[in-house]
2 protein chains.
Amino acid sequence: MIRFEHQNLLYSKDLRTAIEPARLKDYTEAVLNAHAEIQADRRADILGFYDLPQKDIFPITDFMSKIDPKFDTMLVLGIGGSALGNKALYNALKTERNLPRKVYVYDNVDPIFLHEILREINLETTLVNVITKSGTTAETMAGYMIMADLLQRRFPNDYHQRMIITTDREKGFLRQVIKDEGYPSFIVPDNVGGRFSVLTDVGLVSSAFAGIDIDGLLQGAGEMAELCAEADLMHNPAYLNGLLHYLYMREGKNISVMMPYANALYDMADWYRQLWAESLGKRRDVKGREIFVGQTPVKALGTTDQHSQVQLYTEGPYDKVFTFLSVDNFDTDFIIPNLHPEREEVSYLGGKPLSKLLNAERKATEIALTQAGRPNCNIIFPRLDEPSIGAFIMMYEIQTVFTGKLLHINPLDQPGVEAGKIATYQLMGKKGYN
Amino acid sequence: MIRFEHQNLLYSKDLRTAIEPARLKDYTEAVLNAHAEIQADRRADILGFYDLPQKDIFPITDFMSKIDPKFDTMLVLGIGGSALGNKALYNALKTERNLPRKVYVYDNVDPIFLHEILREINLETTLVNVITKSGTTAETMAGYMIMADLLQRRFPNDYHQRMIITTDREKGFLRQVIKDEGYPSFIVPDNVGGRFSVLTDVGLVSSAFAGIDIDGLLQGAGEMAELCAEADLMHNPAYLNGLLHYLYMREGKNISVMMPYANALYDMADWYRQLWAESLGKRRDVKGREIFVGQTPVKALGTTDQHSQVQLYTEGPYDKVFTFLSVDNFDTDFIIPNLHPEREEVSYLGGKPLSKLLNAERKATEIALTQAGRPNCNIIFPRLDEPSIGAFIMMYEIQTVFTGKLLHINPLDQPGVEAGKIATYQLMGKKGYN
């Protein structure tokens with residue numbers, strides 16, 4: 001199980017402006033109220049992500065057992081919640097778990113990016129997976145039309161066995177395409193919002209294809225959901241971290257930096273960016289009052305960004321709270337050879353594992369930020385494996401909804417993206433938009 | 001030449017809280033003072049980046065003309081200013097310029113990341129380029145010892161022709177290694193700080209190797225330097241953008257989002273992140289007074305992050321200023337086939353270039369953010385080519401130094417990273433650090 005270390009979010013002699021532990025008691029009622037609202041939402045069946053650990057994965061594993069073994073690559077077409085989880089899971093596990101199949105995600109309408117993917121993959125052995133709940137997302141539909149056309153021209157006899165579609169159970173344009181063309185299909189459920197959907201078919205199909213143990217993911221998520229089932233701050237890391245971040249937001253720390261010390265977890269910080277930004281960045285509270293609230297999630301990479309961002313983090317404004325992600329044990333590692341034993345500049349590195357230097361730098365950055373009075377916390381993965389990743393996902397989904405409740409906003413909607421969609425339709429000449 | 005569109009940084013009926021054009025006149029003297037300080041720094045030869053367009057590139061082109069043609073890959077070992085520019089240039093141009101050789105950058109001590117690179121490259125045809133001014137950067141030294149050891153074991157007869165070293169002209173551990181082992185070498189100049197060094201040997205060697213026209217880069221940089229030579233706001237985009245960002249910082253907009261609408265420019269936003277954060281994020285002003293100043297640079301990607309961050313950008317706190325990067329003309333493009341002409345949901349996309357949709361979404365996001373009262377600007381690349389990229393780099397280097405002068409801080413130092421380095425030495429048991 002992942003570990004959450006929160007001591008540097010609380011007052012100490014270095015962190016004199018940090019939150020005093022006694023203050024948490026003032027929020028007992030707020031925590032209970034938020035918890036009660038979450039329970040009510042669960043009864044109303046709008047927080048389906050809580051129940052995904054009990055999901056029946058047979059349709060996925062059954063499909064994977066029957067696909068043509070020639071397929072060695074999946075190309076996901078999706079964007080936002082239909083892409084970020086796929087990338088995060090695949091990149092977290094591909095090397096440490098030595099995954100046998102590759103996953104590419106085209107989550108833009110950038111022509112260069114598409115060209116680069118098509119140059120790398122072998123279309124003959126690629127299964128395309130189109131993911132969009134509405135079936136009308138402009139970016140995904142553009143990619144779908146390009147790839148469907150390509151497959152139909154190149155493989156006129158069996159193109160419908162080379163594309164799968166993940167969309168609404170009944171509604172929408174793509175559900176009709178599935179019926180017309182006979183593509184295999186999966187489901188984006190009604191009771192799980194896009195940015196909470198990584199443990200539905202949206203994220204699990206590409207994961208299972210790649211060779212990720214999706215049962216392990218759900219098992220880890222289930223253990224975390226159980227751990228976070230009660231409104232007991234000291235035993236519920238999602239609620240504790242949510243409350244502390246809420247308090248720092250109220251004190252003007254409008255930036256939350258997630259800094260993995262592992263390239264494999266960098267895309268997990270991108271997944272977090274959507275979850276935190278889109279859920280909590282809101283103009284109005286649930287009563288309709290204008291509040292313009294939200295904390296900007298920033299991804300940084302250890303050790304790389306020590307040489308780019310840590311100057312600002314240490315000496316700049318007191319406007320941030322930090323979360324380090326780290327991995328205790330790497331299966332992949334290198335010993336740094338002691339190439340110049342006579343030279344003090346480098347001999348201290350000799351004979352030590354690269355992972356030891358990586359984790360020492362994480363600890364060193366924690367020490368430096370703490371001494372500079374910057375609140376920070378750790379989430380530690382014992383190793384990069386499915387249960388740890390699943391637990392992390394569930395912790396942050398619960399934390400996000402809980403923090404939304406503390407803020408009295410709706411963490412499940414995204415009214416602010418409509419204006420841009422409409423402007424796009426107008427600029428592209430869609431019928432009915434002038 | 002790139003174009004800078006700043007109208008949405010100024011007051012309009014949508015942008016009622018934006019800066020009024022008349023206010024810029026109040027800063028005439030501050031601009032002149034900052035300009036005079038820059039001129040003094042140039043005379044003191046501490047702003048060498050201004051003069052790089054006149055750099056003699058013969059040592060680089062001569063070296064490239066003589067290397068064994070078998071080399072098709074360069075692996076850069078460096079971090080921060082010795083890595084970000086290399087990545088930004090290569091990824092901006094590799095596909096549009098159809099570059100003949102590959103560049104990898106290992107800018108961490110992550111063992112999985114190194115394993116992934118070594119699995120992808122062919123060591124037999126790879127030239128390793130170690131870049132560090134001091135020759136003691138822990139991360140780069142760890143990578144150097146691993147790769148030098150690997151090359152010495154595998155190619156005992158000619159390993160010294162498979163690694164080049166870019167470091168201080170005379171000083172440091174690596175300069176000694178160059179003398180001892182006979183590695184070819186390049187120079188990190190004294191008068192150009194790491195984060196301003198992309199147009200020195202630090203960034204130009206890997207670029208020239210890849211096939212980038214480094215003369216074109218310097219030419220574009222030179223044109224921009226000329227354009228920004230006078231303290232005339234309306235004809236100097238670096239000063240104008242610097243002043244406007246300075247004013248927004250003072251009004252509490254502590255976040256600067258750079259959002260390229262081109263995956264190829266995403267790493268350019270990472271290069272900007274270091275430049276802006278490390279230069280302006282400072283505890284003390286030049287007189288030693290504590291000010292804890294700095295604006296946090298955030299990279300976002302269009303259209304991808306419309307489905308992740310734009311909800312927050314539109315409805316969240318008024319704490320941001322936005323810069324869109326976009327490309328007018330793509331050499332690489334796709335026409336979206338009109339696969340379902342009878343279906344209004346998608347037929348508006350049919351027959352149109354992917355790049356048109358990409359740029360329409362950029363415009364739509366600009367409209368939506370402007371309507372929501374969020375100040376924003378555009379930097380438009382006519383195409384992705386060397387002169388445009390060079391001009392962009394020079395504009396931001398000048399803008400950064402200028403903004404530092406307005407803030408009365410030293411934009412060239414980074415005192416805040418020492419504590420972390422010392423803690424790393426202690427944790428790794430370096431002699432003299434307990």
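The values are calculated or read from the model by the stated rules, or taken from the named source; none is laboratory data. As the structure is a computational prediction, the values presented were derived from the model and not from experiment. Please note: Cβ atoms are built from the backbone with ideal geometry, for glycine as well, and neighbour counts cover all protein chains shown.
The figures follow:
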{"item": "Residues being surrounded by fewer than 18 Cβ atoms within 10 Å (Cβ to Cβ) and of a type in the set (Ser, Thr, Tyr) - total across the stretch A:28-64", "result": "2"}
{"item": "First in the stretch B:166-187 and without any contact (Cβ under 8 Å) to a residue 40 or more places away in the chain and more than 20 Å from residue B:74 (Cα to Cα), second anywhere and outside any helix (DSSP H, G or I) and charged (D, E, K, R), Cβ under 7 Å, 6 or more apart", "result": "B:168/B:133; B:173/A:343"}
{"item": "Selection count, the stretch A:139-149, where residues are more than 7 Å from chain B (Cβ to nearest Cβ) and not polar (S, T, N, Q)", "result": "3"}
{"item": "Number of positions in the stretch A:320-344 that are in contact (Cβ under 8 Å) with a residue 24 or more places away in the chain, part of a loop (DSSP other than H, G, I, E, B) and surrounded by 22 or more Cβ atoms within 10 Å (Cβ to Cβ)", "result": "1"}
{"item": "Residue match in the stretch A:169-184 (condition: among the hydroxyl-bearing types (Ser, Thr, Tyr), surrounded by fewer than 22 Cβ atoms within 10 Å (Cβ to Cβ) and either within 17 Å of residue A:49 (Cα to Cα) or assigned by TED's automatic domain parsing to the domain that holds residue A:98 (or both))", "result": "yes"}
{"item": "Residue match in the stretch B:213-224 (condition: within 17 Å of the chain's Cα centre (by Cα) and outside any helix (DSSP H, G or I))", "result": "no"}
{"item": "All positions within the stretch A:72-97 that are touching a residue at least 60 places away in the same chain (Cβ under 8 Å), surrounded by fewer than 24 Cβ atoms within 10 Å (Cβ to Cβ) and in a loop (DSSP other than H, G, I, E, B)", "result": "A:94, A:95, A:96, A:97"}
{"item": "Unique match (being among the β-branched types (Val, Ile, Thr) and closer than 17 Å to residue B:219 by Cβ) among B:380, B:422, B:393", "result": "B:393"}
{"item": "Test: residue B:136 is at pLDDT below 95 and facing chain A (nearest Cβ under 10 Å)", "result": "yes"}
{"item": "Count - residues of the stretch A:169-183 that are more than 10 Å from chain B (Cβ to nearest Cβ) and in contact with a Ser or Thr (Cβ under 7 Å, 6 or more places away or on another chain)", "result": "2"}
{"item": "Scan of the stretch B:268-295 for residues that are more than 12 Å from chain A (Cβ to nearest Cβ) and surrounded by fewer than 22 Cβ atoms within 10 Å (Cβ to Cβ), ordered by number", "result": "B:286, B:287, B:288, B:289"}
{"item": "Single residue of A:14, A:26 found to be part of a loop (DSSP other than H, G, I, E, B), of a type outside the set (Phe, Trp, Tyr) and more than 25 Å from residue A:219 (Cα to Cα)", "result": "A:14"}
{"item": "Some residue of the stretch A:9-29 being within 24 Å of the chain's Cα centre (by Cα) and of a type in the set (Ser, Thr, Tyr)", "result": "no"}
{"item": "All positions within the stretch B:302-338 that are in contact with a Phe, Trp or Tyr (Cβ under 8 Å, 6 or more places away or on another chain) and facing another protein chain (nearest Cβ under 7 Å)", "result": "B:303, B:315, B:316, B:317, B:318"}
{"item": "Which listed residue, of B:350, B:429, B:404, is facing chain A (nearest Cβ under 10 Å) and touching a Leu at 6+ places or on another chain (Cβ under 8 Å)", "result": "B:350"}
{"item": "Cross-chain or 6+ apart pairs with Cβ under 6 Å, the stretch B:399-413 first and in the same structural domain as residue B:288 (by TED's automatic domain parsing) and in contact (Cβ under 8 Å) with a residue 40 or more places away in the chain, then charged (D, E, K, R) and in a helix (DSSP H, G or I)", "result": "B:405/B:37"}
{"item": "Residue in the stretch B:414-434 that is within 17 Å of residue B:241 (Cα to Cα) and under 21 Å from the mean Cα position of the chain (by Cα) present", "result": "no"}
{"item": "Unique residue being touching a Ser or Thr at 6+ places or on another chain (Cβ under 6 Å) and either part of a helix (DSSP H, G or I) or at negative phi (or both) when the list is A:192, A:205", "result": "A:192"}
